[in-house]
1. Scan the range 35-51 for residues that are surrounded by 11 or more Cβ atoms within 10 Å (Cβ to Cβ) and assigned to a helix (DSSP H, G or I) and jot them down.
2. Would you pick out the residues in the range 74-90 that are assigned to a helix (DSSP H, G or I) and touching a Phe, Trp or Tyr at 6+ places or on another chain (Cβ under 9 Å)?
3. Determine, yes or no, whether Ile46 is in the same structural domain as Phe90 (by TED's automatic domain parsing) and of a type in the set (A, V, I, L, M, F, W, C).
4. Can you tell which of Val66, Val56 is at pLDDT below 85 and of a type outside the set (D, E, K, R)?
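The values are calculated or read from the model by the stated rules, or taken from the named source; none is laboratory data. Remember, it's a predicted structure, so these values are computed and weren't measured experimentally. Here the Cβ is made from the backbone with ideal geometry for all residues, glycine too, and neighbour counts use every protein chain on show.
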Amino acid sequence: MALSGYALTLLEASWVTIQLSFASVAVGLALAVLFAGGEMSRYRVIAWPTTALVTVLRGLPELLIVLFIFFGSTQVLFMITGEFIELSPFISG
């Protein structure tokens, strides 16, 4: 099996994978700090909804959440802007 013609493509794909990994860690860390701060808040108005959201998100399968973001985000953007905005599958999940 000769991979000599695919070396540049594999190198570019590896770089995209590394970029996506760092972006995922950064976004995940920011969301984790935000939700942890909300759950530890002494104000019940902030703590209860945050705890409820975290509990629901932990109970749902990840694939279901990705599908909800992919199909639901276009509807939400349409309701906000009045225009159809299509998100790429890469951005959605």
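1. Selection gives Phe35, Ala36, Gly37, Gly38, Glu39, Ile46, Ala47, Trp48, Pro49, Thr50, Thr51.
2. Correct list: Thr74, Leu77, Phe78, Pro89.
3. Here the answer is no, as Ile46 does not meet what is asked.
4. Selected residue: Val66, the only one of Val66, Val56 that is at pLDDT below 85 and of a type outside the set (D, E, K, R).
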